[in-house]
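The structure appears below as structure tokens.
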Amino acid sequence: MTCRNCDEMDQRLKQQEDTIVQLVHIIGSTNKRVKELNERQLQLQPAFINEPAPASASTT
């Protein structure tokens, strides 16, 4: 490889590394949000279980 090719390969590798870092951050943020939503759902779930079911309208 010539030096020009080495420089291009280094630049492409750096871009790919940066992209991977961004994707890892996105995945981490998404996982954190999913965890928070799951915890919130678990906290609210007992309230829904203990509520009486709404009366259904009779169509007869």
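Bear in mind these aren't lab numbers, they're just calculated from the coordinates by the rules spelled out. In this text, all values refer to a predicted model and were calculated from it rather than measured experimentally. All Cβ positions, even for glycine, are placed from backbone atoms using ideal geometry, and neighbour counts span all protein chains on display.
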Problem - With Cα atoms, 0 to 90° folded angle of helix 3-50 axis to the chain main axis - result: 10
Practice task
State the extension gain, in nm to one decimal, for the chain segment bounded by residue 50 and residue 4, taking 0.36 nm per residue of separation less the distance between their alpha-carbons.
Solution key: 9.6 nm
Problem - residue 16 paired with residue 43, simple spin-label distance in nm, labels 7 Å along Cα-to-beta-carbon - result: 4.3
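What do you get for trypsin sites (Lys or Arg not before Pro) in the stretch 6-49 restricted to DSSP loop and a cutoff of at most 16 other Cβ within 10 Å of the site's Cβ? Spell out each step's value before the answer.
Working: sites: 12, 14, 32, 33, 35, 40; in loops: none.
Filter output for the stretch 6-49: empty list.
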Completion exercise
Checked against the structure, the computed Cα extents along the principal axes in Å among (1) 75, 20, 11; (2) 56, 30, 20; (3) 84, 30, 10 is the one labelled (3)
